[in-house]
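The values are calculated or read from the model by the stated rules, or taken from the named source; none is laboratory data. The shown structure was predicted, so the numbers you read here are calculated from the model rather than taken from an experiment. Because the Cβ atoms are built from the backbone with ideal geometry, glycine has one as well, and the counts that use them run over all protein chains shown. Surface areas here come from the heavy atoms of the whole protein model, side chains and all, with no ligands, DNA or RNA. Shrake-Rupley method; radii C 1.70, N 1.55, O 1.52, S 1.80 Å.
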Amino acid sequence: MSTPRCLALSGGVGGAKLALGLLHAMPPEDLLIVANTGDDFDHLGLRICPDIDTVTYTLSGLANPTLGWGRGDETWSFMETVESLGGEHWFRLGDRDLALHVERTRRLGDGQSLSAITAEVAKRLGIAARIAPMSDDPVRTIVETPDGPLAFQHYFVREQCRPTVTGFRFEGAEIATPGSALTNALAGEGPGMVVICPSNPFISIDPILTLPGVRDMLVRSAAPVIAVSPIVGGQAIKGPTAKMLSELGLPSTALAVAEHYQGVVDGFVLDRADSDAEDAVRELGCEVLVTNTVMKSLQDRVSLARDVIAFSARLS
Ligand code: FO1
């Protein structure tokens, strides 16, 4: 596999939106998206990989635009039937989405790696860019709360992010091997640029950075590492990032996210709404780009991707 020009680290919805913009802004073979797998879990006997699937469905044009996860052309007969039988229905698997979980679980059972399955599914769905898991080994995010630890999807979906967060653990990360797509991309001359997508820093990006050697490879990489803020005007575009920051005793600001990434990133992208933080972020030792980061339309995604590419060229 050739070294990608752009390595994008992604979590769920926000990451997938920028990944789609990047796909439109460069030749697809130049792009490698490495997805968080800390959200993965086994449910109803199936292996579910939400962040890989959100990126895969988004890049193939199959994503559900309303929910942000799962497929757009969905029906729910399977879930309704599970519920009618008294089964667990708090985590909803649509009928078409179900096929991916069944097929992935079968292939894993046959001994195929998650990397190989993810690449094959992307190809089958017509995606020309590369998508890879952060690791083929199991890493499971645990959310610490005052009432004890919660498995990630129990916190996120079953409890609707209501419990107060006191910290995170990434079970298995210390003995996991980073995926070969990720380490190959960062080895040798490395990629032209690394983009940390506007995903939740604690639950989407930290699992990737915690894998043995990954943070060091990013710090040592000659490529500019650029993070796009998932916080705009004190709010997360989607998800619990702002809530988590305040529960962890941090301000719900883009600056707090930049501080979190201090030492890893060379560049930080702020939304225009947060332009007053520009000097403070620069004082952390990284360059700053202020632009529109809110991605409502495809045009917004492509514009932000182009801005990030131009910013990285300035930093190279
Ligand atoms: N998120 C929900 O809020 N409710 C669900 O029932 C749900 C089901 C689901 C099924 C497959 C899948 O790939 C993702 C799903 N998600 C659901 C999203 C997912 O749990 C989270 O958004 C991510 O883990 C956070 O990035």
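So the values come out like this:
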| read-out | value |
| --- | --- |
| Percent accessible area from carbon and sulfur atoms, region 6-315, protein chains only, probe 1.4 Å | 51 percent |
| Length released on extending from residue 216 to residue 90, taking residue separation times 0.36 nm less the Cα-Cα span | 41.5 nm |
| Helical contribution to [θ] at 222 nm, DSSP H n ≥ 4, -39,500 (n - 2.57), averaged over the chain, rounded to 500 | -10500 deg cm²/dmol |
| Principal axis box of region 110-205, alpha-carbon based, largest edge first, Å | 44, 32, 27 |
| Residue-normalised accessible area of the chain, given per residue in Å² at a 1.4 Å probe | 42 Å² |
| Dipole moment magnitude, nearest 20 debye, region 6-315 about Cα centre, only Lys, Arg, Asp, Glu C-beta charged | 520 debye |
| For region 1-126, the Rg and Dmax computed from alpha carbons only, in angstrom | 15.1, 50 |
| Listed residues 66, 141, 118, most fluctuating in the chain (Gaussian network, C-alpha, under 10 Å) | 66 |
| Additional length obtainable on full extension of the chain from residue 108 to residue 248, 0.36 nm per residue less Cα span | 46.7 nm |
| Simple label model, 7 Å out from Cα along Cβ direction - residue 29 to residue 160, nm | 4.9 nm |
| P(r), alpha carbons of the chain - 20 Å bins starting at zero, rounded % | 34, 60, 6 |
